[in-house]
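Below: the structure, in structure tokens.
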Amino acid sequence: MLVAARKGSPLVVGIGKDEYFLASDATPIVEFTSRVVYPDDEEIVVLERGREIRIKTISNVEKTPEIKKLELTLNQLEKGGYPHFMLKEIFEQPVALANSMKGRVHVNPEKITLAGFQENRDKFLAAGRIIITACGTSWHAGLIGMYAIEEFARIPVEVEYSSEFRYRKPVVAPGDIVIAISQSGETADTLAAIEMAKAAGAFIFGICNVVGASIPRCAHGGCYTHVGPEIGVASTKAFTAQVTVLIMLALSIGREKGTLSAEKYARIIRELQDVPEKMSGILAKNDMISRFAKTFTYAHNFIYLGRGYNFPIALEGALKLKEISYIHAEGYPAAEMKHGPIALISNEMPVVVIAPQSGTYEKVVSNIQEIKARKGRIISVVTEGDTCPIMS
Ligand code: F6R
């Protein structure tokens, strides 16, 4: 007899032929079975040779185990010829994002059908404010979500680190919507934050990747990102999919509320549809980008700059560099440089500037001029065809 209990951390039971498996997520057991049970917190699982799985609550009440079928395949867990999972997952993005938008983004006519929104439409339309909570990369996606929801749907949004939100005394009330973003759906701080908000009467909406994980199960509603397993420790395709889902959500609320014009709604949907192909175009430049990166291996510090929607992207770029290259990096809103950090600029510290042709382009150009005056070395990420000499 084997007894397992769940408290806080994730637990999954795999049901094979004459055998059982216990793991913290489904990836190590998919090779052996696709039938799984996810016990809830404070539940006890009793496994015995030759007997059916039994589940009890902590108060000893027997429950009927809910057996689910895994959608995961072994193929998704292999590196497929890439030297490591992170690279594989970066290259998977065009297909992963197309999967995330499948059945949700339509053209002719342009429309978003996001079941998670439609099922909770009235709550979103009545919301006086939205709180987004997450950690790390998912928190960066949350910032982009804030920009999009405020721009398209005109609902005030706050973005909170789950680890801060859960330990301070935030004001959360019935009628508030709390959006929890998590790739794994198991991050302890995010789970604790939503449990606290749920107890205060908020409506919890999860945006997660791992189907059946603790956060989607704790939430009242939500959307999956549907990009398949992310094995690489640094979040890549999960981040771009979180942003995609948040944009779809913001567009849906904005259109239903009437705060977003039909024309702008249609234009952004067409742009969304084109993202996978554009991503493939960027990925085709991989070898060139890799050669270029070698010229900066001397640097011990980087700064990433962006404005508007590209400010969270700058934060995310800096996080990725720190996490993967062990090089110190900071992300800043480009205009904040002049309020102090510009003192750090020298040719020893490369500055990555995200400056596509958007509303703030001219402003970013003037921020770059200030950096160049201090002999800063600029690496700019610009719209194809941009020939502005200040950008190089
Ligand atoms: C960074 C990264 C982490 C995660 C964070 C939250 O590359 O992967 O910062 O984003 O630990 O994890 P999830 O999204 O699973 O809640």
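Build a GNM of the chain with springs between Cα atoms under 10 Å apart, and of P341, P312, P333 the one that fluctuates most is P341.
Helix 361-373 versus the longest principal axis of the chain: what is the Cα-based angle in degrees, 0 to 90, to the nearest 10? That works out to roughly 70 degrees.
Expressed to the nearest 5 percent, the antiparallel share of DSSP beta bridges inside the stretch 1-157 is 95 percent.
Its Cα centre serving as origin, the stretch 137-240 has a Cβ charge dipole (Lys and Arg +1, Asp and Glu -1) of approximately 160 debye. For the stretch 2-74, the relative contact order is 31 percent, taking Cα pairs closer than 8 Å that sit 6 or more residues apart in sequence and dividing their mean separation by the residue count. On the basis of the beta-carbon distance and an R0 of 30 Å, R154 and E362 show a calculated FRET efficiency of 0.70.
Entry note, the chain: the mean residue ellipticity at 222 nm calculated from DSSP H runs of n ≥ 4, each adding -39500 (n - 2.57), is -11500 deg cm²/dmol after division by the residues and rounding to the nearest 500.
Across all directions, the average flat footprint of the convex hull enclosing the Cα atoms of the chain is 21.9 nm².
Given an 8 Å cut-off on Cα distances and at least 6 residues of separation, report the relative contact order of the chain as a percent.
Contact order relative to length: 13 percent.
In whole Å, how far is the Cα centre of the stretch 1-28 from that of the stretch 299-349? Value for the Cα centre distance between the two parts: 42 Å. Put a plus charge on the Cβ of each Lys and Arg, a minus charge on the Cβ of each Asp and Glu, and nothing anywhere else: the dipole of the stretch 45-107 about its Cα centre is then about 160 debye. Along the chain, counting only chymotrypsin sites (Phe, Trp or Tyr not before Pro) with a DSSP assignment other than H, G, I, E or B and at most 15 other Cβ atoms inside a 10 Å radius, the longest segment between sites is 33-166. Among the protein heavy atoms of the stretch 2-74, carbon and sulfur supply 51% of the accessible surface, probe 1.4 Å, non-protein parts ignored.
Each residue of the stretch 312-317 was assigned a 3J(HN,Hα) from its phi angle through the Karplus curve 6.51 cos²θ - 1.76 cosθ + 1.60 (θ = phi - 60°); the sequence is x, 5, 5, 4, 5, x Hz, with glycine and proline shown as x. Estimated at 0.36 nm per residue, the fully extended path between E370 and K7 surpasses their Cα-Cα distance by 125.3 nm.
Which FRET efficiency value, to the nearest 0.05, is calculated for T383 and D122 with the Förster distance at 35 angstrom and r the Cβ-Cβ distance? The computed FRET efficiency comes out at 0.30. When only alpha carbons are used to place a centre, the stretch 45-68 and the stretch 219-260 end up 34 Å from one another. Based on protein heavy atoms only, the stretch 318-392 ends up with 55 Å² per residue of surface accessible to a 1.4 Å probe.
For the stretch 1-119, the C-alpha radius of gyration sits at 1.40 times the compact-globule guess of 2.2 N^0.38 Å, with N the residue count. Full extension of the chain segment joining R51 with A188 gains 46.0 nm, where the gain is 0.36 nm per residue of separation less the Cα-Cα distance.
Amide H contacts of Y304: E330, G331, Y332, V352, each under 5 Å away and 5 or more positions distant or on a separate chain (H built 1.01 Å from N in the peptide plane; Pro and chain starts excluded).
When the Cα positions of N108, P229, G8 are compared along the charge dipole of the chain, N108 comes out farthest toward the positive end, with charges on each C-beta of Lys, Arg, Asp and Glu.
Please report, as a whole percent, how much of the solvent-accessible surface of the stretch 90-184 comes from carbon and sulfur atoms (probe radius 1.4 Å). For the stretch 90-184, the apolar C and S fraction of the accessible surface comes to 54 percent.
Of all lysines in the structure, the ones whose alpha carbon falls short of 27 Å from that of K198, not counting any fewer than 8 places away in one chain, are K7, K56, K63, K68, K123, K169, K257. Between A199 and R35, take the C-beta separation as r, use R0 = 25 Å, and let me know the FRET efficiency to the nearest 0.05. With a Förster radius of 25 Å, E is 0.15.
The values are calculated or read from the model by the stated rules, or taken from the named source; none is laboratory data. All values reported here derive from a predicted model rather than from experimental measurement. Note: ideal-geometry Cβ built from the backbone for every residue, glycine included; neighbour counts use all protein chains shown. Areas reflect the complete protein model, heavy atoms only, side chains present, ligands, DNA and RNA absent. Shrake-Rupley method; radii C 1.70, N 1.55, O 1.52, S 1.80 Å.
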